[in-house]
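Reviewing the structure listed below.
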Amino acid sequence: MREEPEWLRKFRERALSLIDKLPEPKYGARIDLEALSVERELREYDESSPVVSKALKRLHFTMKEERPFLLQVNDFLRKKYAERLSQLGILAEDIDTAVRKYEWLKDYWFKAFPMALNKLTAFHAAYSRGGFVLRVKEGVKLKEPIQMCFIVSSSSYAQLPHNIIIAEPYSEVHILTGCIAPRGTRYSLHSGLTEVYVGEGARVFSIMIEIWPEYVHARPLKAVKVDKGGTYIGSVIVLEPGASYQAFPTAILMGDMSSVTAKTVVTARGNSEVDVGEAAFLLGRECRAILVTRAVAFDSATVKERIRARGRGWRSKAYLECSGLILGDRAKIFAVPELEAISKDVELYHESSIGRVGENELMYLMSRGFEEDEAISMMIRGFLDPGLSDLPAPLRIQVESILERVAIEGL
C-alpha cells in the first residue's frame, strides 16, 4: 500500500465514493473502466530497455547529454539530470515522492481541474499513479526544453499520471512531452491529467506529441490557470489517435491581460473515433485567446472538432478556428465552434471549414515535377502545420525536426 498523506488519502476515498454516482463523460467513445487494471507494476525500465528505446525512436526524441528527461512507463518513474534543474531553481520531482515531502501540493491538487466532472475524472482521482511536479521559481527562465515521456507498455492497463506544473511570477519554462504505446499493446487506457498554474507575468510553452496504436484509448485531461499578464502557449500533435481519442484542454484566464494560444492537430486513420478541441474562459480584463484545431481524416475515421470561448472580461478577445480535410471515402468530420459572450465589451470570432485536397493546388505541384503522392503529402503537411512561429527557437527547431522526419516516413 502506498504511503500517502492524510489529506490525499481522504481525497481518494471521496473520489472513489463518487465514481458510481457520476455520469459517463459527455464526449468520446465509452470506456469500460472496470475492465482495466490499476495494480502497480513491479518492473523497472531505463533508456536501454527495448520498449523505451523503440518509443523514443518513434517519437524522434533526442537524448542529449545533460538534458533534463522525465520518463514514466506504466507506473514506473525515472528522472535523468533532474538535479541540474534544481541548481537552476526548478523543482522536478515524481509526484508520488512529492506528495510526501511537500504539504503545499494540496493547494494545487485538482484546483484547476474539477475532480467530480464525470466517472473518468473521479476514477483518475481515486487511482492515479505517477506523474511529475515541475515548479519554476520566481524569475527563473529556462530556455532549454524539458523532455517528458509517458509509455503504456501493458495491455488491459490504465495509465493515470497526475502532473502539476507551476510557473511562479515572471518565470519561463518550455516542455516537450511524448505519449506512446508499443503496437502490440491492446485495450489499454492513457489518461494523464495535467494542471498548469501560470503566475503573474510568467510564460509556459508546451508541446505534446502522441502516437497510440489501434487498440489503445487516450483521454488526456488538462486545465490551465493563467494569472495577470501570464502567457500559456500549447500545441497537441496527435499523429496516431488509437482506437479512440478525446481531449478538451481548458484555459482559465483569471488575471488581467493574460493570454492563451492553444492548437491541436490530428491525423486519424482506420476506424478511429476522435473528439478534440480546446476551451478558453476569459475572465480577466483585456485577455486574449487563440484556439485552433485542424484534422485530417483517412479511411473510416470519425473526427469531431469542438472549440469554445466564453468571454466576460472587459475588452477581451478570442479567435477560434476549426478546419478539416477529408481523405477517406467513409471518413467524417464535424466542426462545432461555440462562442459565448456575457459582456458587451467582449469580441469573439471564429472560422470553420471542412473540405478535400484542392485540385488546382495538386495540379500545380504535379506540374512542378512532384509525383501525386508527394504532392498530397506536402499539402497535408502544410495543412497540419500548427504554426510554430510563436514558440521559442530551441523548442520550435526540435518539433519541426520531428514533424519533418514523420512526413518523410509517410504521415
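The values are calculated or read from the model by the stated rules, or taken from the named source; none is laboratory data. Quantities reported herein were computed from a predicted structural model and do not represent experimental measurements. Cβ: placed from backbone, ideal geometry, glycine included. Neighbour counts: every protein chain shown.
Entry remark, segment 142-152: residues being in contact (Cβ under 8 Å) with a residue 60 or more places away in the chain and over 18 Å from residue 94 (Cβ atoms) number 3 in total. Within the group 204, 265, 236, 260, which residue is touching a residue at least 24 places away in the same chain (Cβ under 8 Å), within 20 Å of residue 290 (Cα to Cα) and over 14 Å from the mean Cα position of the chain (by Cα)? Being touching a residue at least 24 places away in the same chain (Cβ under 8 Å), within 20 Å of residue 290 (Cα to Cα) and over 14 Å from the mean Cα position of the chain (by Cα) holds for just one of 204, 265, 236, 260, which is 260. If the condition is being outside any loop (DSSP other than H, G, I, E, B) and among the β-branched types (Val, Ile, Thr), then segment 1-48 contributes only 19.
What is the number of the single condition among (1) in a loop (DSSP other than H, G, I, E, B); (2) at negative phi that residue 58 does not meet? Unmet for residue 58, out of (1) in a loop (DSSP other than H, G, I, E, B); (2) at negative phi: (1). With respect to being free of Cβ contacts under 8 Å to residues at least 40 places away in the same chain, closer than 29 Å to residue 255 by Cβ and in contact with a Phe, Trp or Tyr (Cβ under 9 Å, 6 or more places away or on another chain), residue 197 falls outside the description.
So is residue 146 over 28 Å from residue 243 (Cα atoms) and out of contact with any Pro (no Cβ under 6 Å at 6 or more places or on another chain) or not? In short, no. Restricting attention to segment 221-236, does a residue exist that is within 18 Å of residue 58 (Cα to Cα), in the same structural domain as residue 84 (by TED's automatic domain parsing) and modelled with pLDDT under 95? Within segment 221-236, one or more residues are within 18 Å of residue 58 (Cα to Cα), in the same structural domain as residue 84 (by TED's automatic domain parsing) and modelled with pLDDT under 95.
Where helices (runs of 4 or more DSSP H) fall wholly inside segment 78-181, the ranges with 2 or more residues that are over 19 Å from the mean Cα position of the chain (by Cα) and modelled with pLDDT of 95 or more are 95-101, 119-127. Is it fair to say residue 294 is among the basic types (Lys, Arg) and buried (at least 22 other Cβ atoms within 10 Å of the Cβ)? Considered against the rule, which asks whether it is among the basic types (Lys, Arg) and buried (at least 22 other Cβ atoms within 10 Å of the Cβ), residue 294 comes out as yes. Residue check: residue 45 meets all listed conditions (1) crowded, with 17+ Cβ neighbours inside 10 Å; (2) closer than 19 Å to residue 219 by Cβ but one, namely (2). Number of residues in segment 232-289 that are acidic (Asp, Glu) and either in a loop (DSSP other than H, G, I, E, B) or farther than 20 Å from residue 189 by Cβ (or both) equals 3. A search for C-beta distances below 8 Å between a residue of segment 112-132 that is over 23 Å from residue 78 (Cα atoms) and in the same structural domain as residue 164 (by TED's automatic domain parsing) and any residue that is of a type in the set (D, E, K, R) and assigned to a strand (DSSP E or B), counting only pairs 6+ apart in sequence or on different chains, returns 112/195; 112/225; 113/195; 113/222. If you filter segment 19-41 down to residues that are surrounded by 16 or more Cβ atoms within 10 Å (Cβ to Cβ) and out of contact with any strand residue (DSSP E or B) (no Cβ under 8 Å at 6 or more places or on another chain), you find that the one that is farthest from residue 185 (Cα to Cα) is 22.
Within segment 188-228, the residues that satisfy the criterion of being part of a loop (DSSP other than H, G, I, E, B) and under 21 Å from residue 266 (Cα atoms) are 188, 191, 192, 213, 214, 215, 216, 219, 220.
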